Amino acid sequence: MSGHCDGAETGVLSVARVGRRERVGTGQAVRRGKQHAADSWEFLMVIAVVIGACVVLAVLAFFLPRLSRHPQNGAQRGLGAGSRAGSKAPGPLGKLLSKPFSSSSRAVGRSGSAGRRARGRLPF
């Protein structure tokens, strides 16, 4: 296999810029695009799930106001567990990790409440 290159740089130092720091290493260049795309996809899926839960609870609260309490409490209980787990991290990191869960729980509560309130305002 003389003269054949498989794409890997052997023995050559490569410098890749990551944010504000430089990372020096041997081998292939740092691949950031694929990991970044996967992280953003997961982030968007979490947002879509929370929005979907809010819409489902609002519709359920509008059509079945008394039966919507149990699903709302279940969703808030699950988000509260995530908030409590995130808040156990030390220092300000705990506040940052628990905030998305607490704000999502608040959104779920508000959407259920808004559905019941809209149902109560109907003239019949």
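The values are calculated or read from the model by the stated rules, or taken from the named source; none is laboratory data. Remember, it's a predicted structure, so these values are computed and weren't measured experimentally. Counting neighbours? That spans all protein chains shown, and the Cβs are built from the backbone with ideal geometry, glycine included.
Remark: SER87 falls outside the filter, which requires a residue to be under 19 Å from ALA48 (Cα atoms) and within 19 Å of the chain's Cα centre (by Cα). Beta carbons closer than 8 Å, at least 6 apart along the sequence or on distinct chains, pair a first residue in the range 45-56 that is more than 12 Å from PRO100 (Cβ to Cβ) with a second that is surrounded by 12 or more Cβ atoms within 10 Å (Cβ to Cβ) and of a type in the set (Val, Ile, Thr) for ALA53/VAL108; CYS54/VAL108. Quick one: is ARG110 surrounded by 12 or more Cβ atoms within 10 Å (Cβ to Cβ), charged (D, E, K, R), in a helix (DSSP H, G or I) and modelled with pLDDT of 95 or more? So ARG110 fits the description; yes.
Taking residues in the range 112-124 that are under 11 Å from PHE63 (Cβ atoms), and partners anywhere that are surrounded by fewer than 10 Cβ atoms within 10 Å (Cβ to Cβ) and charged (D, E, K, R), the pairs with Cβ atoms closer than 9 Å and at least 6 places apart or on different chains are ARG116/ARG66. Taken over the range 85-96, residues that are in a helix (DSSP H, G or I) and surrounded by 13 or more Cβ atoms within 10 Å (Cβ to Cβ) amount to 3.
Against the numbered list (1) at pLDDT 95 or above; (2) of a type in the set (Lys, Arg); (3) closer than 20 Å to ALA118 by Cβ, ARG77 comes up short only at (3).
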